[in-house]
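For reference, the structure discussed in these notes is given below.
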Amino acid sequence: MKLTILDGHAVNPGDLPWDRFSKLADVTVYERTPSEEVKNRIGDSDAIFLNKINITEEILSACPNLKYIGVLATGYNVIDLDACRRRNVTVTNIPAYSTDSVAQHVFAFILNFTNHVAMHNSSVQKGDWQRCPDFCYWKAPLYELAGKTLGIFGYGNIGKKVSVIAQAFGMKVICTTRTPREGMPEMVSFEELCRRSDFISLHAPLTPQTSHIINEKSLSLMKKSAFLINTARGGFIVEKELAQFLKEGKLAGYAADVLESEPMAEDCPLFNAPNCIITPHIAWAPLETRARLQNIAYENLKAFIEGKPVNVVS
């Protein structure tokens, strides 16, 4: 079996070797693959791994040997699943590998808004504390999380983990989900979640119903003192309208690890927007998280070769 890894750098920039995959196949690894090179690189492959590379009907038609596509992520919107079904190509993904790291990133954002650690360290390193007439000072309002309301939009594995952490801080949790279950926090409508929450964290899948759900209408429902956190999908946000709310002081802050276009476009409306924190899609990237992803990818391919595929999405 010939296995081609098309964009291996993100998962493994050098700290997680691909060596063990050689036990299963003849492996070729490309750190990155431009779209115009995809067909040439996988034309004779039996199996491929990818993260953000689009696989279309046109590409599949140029790959007669291809029988397996392993997506090195949970989301698989880059794959034309209907075309894969027509050509009997099995597609798998990596579910639930990043729950802990993404939930951790959510609270890195939240605590940045409440405690401003980086801001105050920068101030101290500039000598402000040495010149201060008092034993303490703060350069922005500081807040306790205890007693604040966290609204969670989407209550899957990550949303549930965020809820557990929030409750440990003494926060009240409310949530909106399409699949209510027993034992969940208080269930509310999306509109009520927007109105009541001091912090809102987005964790739903991107669908036609959730696309651009954060827009002028929903933002208008939120408290001016509210903070919005997005570690899920950039496509939830109408970025131009959100940027305007931040500029006008109608929302206290926005933090995101994802954008609608990645890498960030030069004309992104959120670039340098006030009270806006953006990280470059790294919530999934701790070493332990990527090692877990790679382990699952290996087991996915092994199971496929043994005729018992798991984590199949098509």
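Points to keep in mind about this one:
- The residue that is farthest from Leu66 (Cα to Cα), counting only those in the range 2-52 that are surrounded by 12 or more Cβ atoms within 10 Å (Cβ to Cβ) and small (Gly, Ala, Ser), is Ala10.
- Taking the range 35-135 as the region of interest, the strands (runs of 3 or more DSSP E) fully inside it that hold 1 or more residues being among the small types (Gly, Ala, Ser) are 47-50, 68-71.
- Any chance Asp19 is within 30 Å of Ala140 (Cβ to Cβ) and either charged (D, E, K, R) or at pLDDT below 95 (or both): no
Residues checked against (1) acidic (Asp, Glu); (2) open to solvent by 30 Å² or more (accessible area, probe 1.4 Å); (3) at pLDDT 95 or above; (4) touching a helix residue (DSSP H, G or I) at 6+ places or on another chain (Cβ under 7 Å):
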| position | (1), (2), (3), (4) |
| --- | --- |
| Ile152 | no, no, yes, yes |
| Ser163 | no, no, yes, no |
| Gly170 | no, yes, yes, no |
| Arg181 | no, yes, no, no |
| Cys194 | no, no, yes, yes |
| Pro205 | no, yes, no, no |
| Thr231 | no, no, yes, yes |
| Phe236 | no, no, yes, no |
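- The set of residues in the range 70-100 being closer than 20 Å to Leu206 by Cβ, hydroxyl-bearing (Ser, Thr, Tyr) and open to solvent by 10 Å² or more (accessible area, probe 1.4 Å) consists of Thr74, Tyr76, Tyr97, Ser98, Thr99.
- Checking each residue in the range 299-312 for being open to solvent by less than 30 Å² (accessible area, probe 1.4 Å) and touching a residue at least 60 places away in the same chain (Cβ under 8 Å) picks out Asn300, Leu301.
- Any hit, the range 213-229, residues being closer than 29 Å to Tyr97 by Cβ, open to solvent by 50 Å² or more (accessible area, probe 1.4 Å), modelled with pLDDT of 95 or more and among the small types (Gly, Ala, Ser): no
- Against the conditions (1) crowded, with 16+ Cβ neighbours inside 10 Å; (2) out of contact with any Asp or Glu (no Cβ under 6 Å at 6 or more places or on another chain); (3) over 30 Å from Lys161 (Cα atoms), Ala103 satisfies every one except (3).
- Check on Ser189, under 17 Å from Ile213 (Cβ atoms), surrounded by fewer than 17 Cβ atoms within 10 Å (Cβ to Cβ) and hydroxyl-bearing (Ser, Thr, Tyr): yes
The values are calculated or read from the model by the stated rules, or taken from the named source; none is laboratory data. Since we're looking at a predicted model, the values are computed, not measured. Because the Cβ atoms are built from the backbone with ideal geometry, glycine has one as well, and the counts that use them run over all protein chains shown. Just so you know, the surface numbers come from the protein's heavy atoms only, side chains and all, with ligands and any DNA or RNA stripped out. Shrake-Rupley method; radii C 1.70, N 1.55, O 1.52, S 1.80 Å.
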